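Here is the structure we will look at, set down as structure tokens.
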Amino acid sequence: MGEETRRGPVSGRTWAVLIAIGLAASAVGIALGLVIPWFPTAGSTIAHKIDTFWDVLIIASVPIFVGVTTMVLFSIWRWRQRPGEESLDGPPIHGNTRLEVIWTVLPSILIAGLCTYATVLLLDIQSAPAKGARVVNVTGQQFAWTFSTVEHGKKIQTNELYVPVGEPVEFKIHTLDVIHDFWVPQWRLKVDAVPGLTTSYSLTPSKVGNYQVVCAELCGLGHAFMRANVHVLPAAQYTAWVQKVTTPVGAAVAGAVSNGSTSVANVGRQLFISGNPATGTISCGSCHTMKAAGTTAQTGPNLDKNLAQDPASAIRESVVDPNKEIATGYAKGVMPVNYGKTLTKQQIDALVAYIYKSVHRR
């Protein structure tokens with residue numbers, strides 16, 4: 001064994017400097033952590049509680065990170081190997097029982113406290129929905145969402161989510177194929193849609209606005225496109241929307257058919273560009289290029305090129321059974337397969353007529 005290398009004990013002044021550096025760095029780190037907008041604007045009554053828990057985690061974790069990093073860097077500097085010390089051994093040490101007890105007990109107390117806080121918050125989130133809460137059934141299917149609820153005894157099914165602000169909602173989550181995850185970032189809550197099970201959570205939307213449902217579980221090639229619009233409306237607007245969609249969905253389109261091809265084209269164009277007519281929704285232009293509609297998206301095939309020689313029957317098939325024939329260069333399973341269920345026959349007729357006329361222009 002070679003000789004021992006010794007640096008001597010760390011002086012009180014050095015400890016004071018290390019502590020000052022640690023406190024200053026922790027203060028800066030906590031301030032930055034609390035100022036950074038980690039999440040979008042809170043949109044539910046539970047969101048601020050989750051945001052507060054996040055802030056508590058920052059306040060608890062930043063000093064630990066700073067303390068450990070400071071000591072590691074100081075140790076590397078002070079006890080680094082210097083020229084001529086290559087063959088020397090470090091001094092034999094027994095350790096410090098008191099220090100070992102402290103650094104075991106204090107983190108245990110901290111972890112226990114945070115776990116208790118998290119448990120109380122989780123139980124609050126999972127508490128029974130308020131009496132009379134509106135029930136919305138959410139169904140995921142590669143790669144689309146559908147939503148259904150009952151208003152005034154009438155079932156409403158859409159592929160955009162509409163809820164009134166300030167009223168409790170219980171979401172019951174289902175899937176028709178693989179695992180998905182129902183997540184609206186502004187609401188903060190998320191839950192898996194599991195085959196064979198019905199999962200759920202409840203919340204009260206607190207902010208009027210338009211948001212997005214995001215699938216937060218990798219579910220296949222079209223996962224990134226599995227999104228749906230969320231509309232949180234004032235009570236009066238929600239009531240008006242309910243009245244609109246509880247009128248037979250096909251009525252407006254059927255009326256348009258009887259009024260002539262221009263009206264049919266208008267309905268088809270609206271379905272193609274922005275979706276809705278009484279919320280069969282779809283917005284083909286968000287994924288496809290079609291010159292007549294002024295859309296340039298490239299997620300799916302260019303319809304001007306791919307459908308220019310197709311009859312109306314083939315265009316209909318591509319809407320209701322998109323996986324039957326896949327355009328070269330595109331993957332199966334990206335386009336939602338439920339439009340045959342969410343759109344009425346009249347809506348499909350109007351959409352197909354509009355696309356056919358648009359791609360066969362001369």
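The values are calculated or read from the model by the stated rules, or taken from the named source; none is laboratory data. Values in this document were obtained by computation on a predicted structure and should not be read as measured data. We place every Cβ from the backbone using ideal geometry, glycine too, and count neighbours over all the protein chains shown. Surface accessibility is based on the protein's heavy atoms, side chains included, excluding ligands, DNA and RNA. Shrake-Rupley method; radii C 1.70, N 1.55, O 1.52, S 1.80 Å.
Overview of results
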quantity: Residues of the range 137-158 classified as in contact (Cβ under 8 Å) with a residue 24 or more places away in the chain and over 20 Å from PRO195 (Cβ atoms), total; calculated: 6
quantity: Any hit, the range 54-64, residues being open to solvent by 50 Å² or more (accessible area, probe 1.4 Å), modelled with pLDDT of 90 or more, of a type in the set (Phe, Trp, Tyr) and not in a loop (DSSP other than H, G, I, E, B); calculated: yes
quantity: Verdict on ASP124 being part of a helix (DSSP H, G or I), in contact with a helix residue (DSSP H, G or I) (Cβ under 9 Å, 6 or more places away or on another chain) and in contact (Cβ under 8 Å) with a residue 60 or more places away in the chain; calculated: yes
quantity: Helices (runs of 4 or more DSSP H) completely within the range 293-342 that count 2 or more residues being closer than 20 Å to ARG361 by Cα, in the same structural domain as ILE273 (by TED's automatic domain parsing) and open to solvent by less than 60 Å² (accessible area, probe 1.4 Å); calculated: 303-306, 312-320
quantity: Any chance MET290 is surrounded by 14 or more Cβ atoms within 10 Å (Cβ to Cβ), over 22 Å from CYS219 (Cβ atoms) and not assigned by TED's automatic domain parsing to the domain that holds ALA144; calculated: yes
quantity: Residue list for the range 224-234, filter: open to solvent by 40 Å² or more (accessible area, probe 1.4 Å) and at pLDDT below 95; calculated: ALA224, PHE225, ARG227, ASN229
quantity: Every pair of residues 6+ apart whose Cβ atoms lie under 6 Å, when the first sits in the range 300-316 and is hydrophobic (A, V, I, L, M, F, W, C) while the second is assigned to a loop (DSSP other than H, G, I, E, B); calculated: LEU303/HIS288; ILE315/LEU307
quantity: VAL178 being in the same structural domain as PHE147 (by TED's automatic domain parsing), open to solvent by 50 Å² or more (accessible area, probe 1.4 Å) and at pLDDT 95 or above; calculated: no
quantity: Filter result for VAL178 (part of a loop (DSSP other than H, G, I, E, B), farther than 14 Å from GLN126 by Cα and out of contact with any helix residue (DSSP H, G or I) (no Cβ under 9 Å at 6 or more places or on another chain)); calculated: yes
quantity: Some residue of the range 220-238 being touching a strand residue (DSSP E or B) at 6+ places or on another chain (Cβ under 7 Å), small (Gly, Ala, Ser) and in a helix (DSSP H, G or I); calculated: yes
quantity: Residue count, the range 206-219 (criterion: open to solvent by 50 Å² or more (accessible area, probe 1.4 Å) and either closer than 12 Å to VAL184 by Cβ or assigned to a strand (DSSP E or B) (or both)); calculated: 3
quantity: Filtered residue count, the range 209-246, keeping only those that are in contact with a Pro (Cβ under 6 Å, 6 or more places away or on another chain) and β-branched (Val, Ile, Thr); calculated: 1
quantity: Candidates PRO37, PRO129, PRO91 - the one that is exposed (fewer than 10 other Cβ atoms within 10 Å of the Cβ) and under 30 Å from GLU170 (Cβ atoms); calculated: PRO37
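Residues are listed down the side, and each one gets a yes or a no for (1) in the same structural domain as CYS115 (by TED's automatic domain parsing); (2) in contact with a Ser or Thr (Cβ under 8 Å, 6 or more places away or on another chain); (3) at pLDDT below 95; (4) aromatic (Phe, Trp, Tyr):
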| residue | (1), (2), (3), (4) |
| --- | --- |
| GLY2 | no, yes, yes, no |
| ARG7 | no, no, yes, no |
| ALA31 | yes, no, no, no |
| HIS48 | yes, no, yes, no |
| GLY90 | no, yes, yes, no |
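Condition check ((1) within 19 Å of VAL17 (Cβ to Cβ); (2) among the hydrophobic types (A, V, I, L, M, F, W, C); (3) in a helix (DSSP H, G or I); (4) touching a residue at least 60 places away in the same chain (Cβ under 8 Å)) across all residues:
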site	(1), (2), (3), (4)
LEU73	yes, yes, yes, no
ARG80	yes, no, no, no
PRO91	no, no, no, yes
GLY95	no, no, no, no
LEU99	no, yes, yes, no
THR104	no, no, yes, no
PRO107	no, no, yes, no
ILE111	no, yes, yes, no
